[in-house]
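Just below is one structure, and these are the notes that go with it.
The values are calculated or read from the model by the stated rules, or taken from the named source; none is laboratory data. For clarity, every value in this text was computed on a predicted model and none was experimentally measured. Counting neighbours? That spans all protein chains shown, and the Cβs are built from the backbone with ideal geometry, glycine included.
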Amino acid sequence: MRHDDRSDAIRILGGTSLKVYLLLASSKEPLGVREVQRRMGFRSPSTAKHHLDRLVELGLAERRGGGYAARTGPEGIFEGYTRLLGSLVPRLLPYAVFVTATLVIYALMSWPNIDPGFLLIGCIAASLLWFEGLRMALWLRRLMK
């Protein structure tokens, strides 16, 4: 799926199908129609089946085993996200944690001979990672409402 196709898919999906996709993407295992119905609060299984079939038709989900699973890899809408501890997290946030921790350890081990240029560049990189990662997390949270 090309980048333009992914943006179109988000527009085509609308609110409810997108929420079903997010439910599938955050699940560790494939979900059946009745499980999607229960978790989404749909009145009938046919509503859940309609949204699941729509996701499969758009190439955003696939039938796997006895249920449906989201495609979250390079073909999925949320290629900038990864599953961490059972939830979708922007890939930039683990990098931001790593860069920040590395800077703190560097500062503690190099004290008082800290290279100000290296520290400045590291702080700028960490700040950008945190900013973009949190922006992506807030965007995902707004989608899930």
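The set of residues from segment 42-74 being at pLDDT below 80 and of a type in the set (D, E, K, R) comprises just one member, ARG71.
Could we say that SER87 is among the polar types (S, T, N, Q) and closer than 23 Å to LEU22 by Cβ here? Steps first, answer last, please.
On the way: among the polar types (S, T, N, Q): yes; closer than 23 Å to LEU22 by Cβ: yes.
It is true that SER87 is among the polar types (S, T, N, Q) and closer than 23 Å to LEU22 by Cβ.
If I ask for residues that are at pLDDT 95 or above and of a type in the set (Ser, Thr, Tyr), which ones from segment 106-130 would you list? Result: SER127, single match.
Among the candidates ARG141, ARG34, ARG54, the residue that is of a type in the set (Lys, Arg) and touching a residue at least 24 places away in the same chain (Cβ under 8 Å) is uniquely ARG54.
Residues are listed down the side, and each one gets a yes or a no for (1) over 27 Å from the mean Cα position of the chain (by Cα); (2) at pLDDT below 90; (3) among the β-branched types (Val, Ile, Thr):
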position	(1), (2), (3)
GLY76	no, yes, no
ALA96	no, no, no
ALA101	no, no, no
VAL104	yes, no, yes
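If only residues of segment 18-67 that are in a strand (DSSP E or B) and under 20 Å from GLU79 (Cβ atoms) are counted, the one that is nearest to the chain's Cα centre (by Cα) is ALA61.
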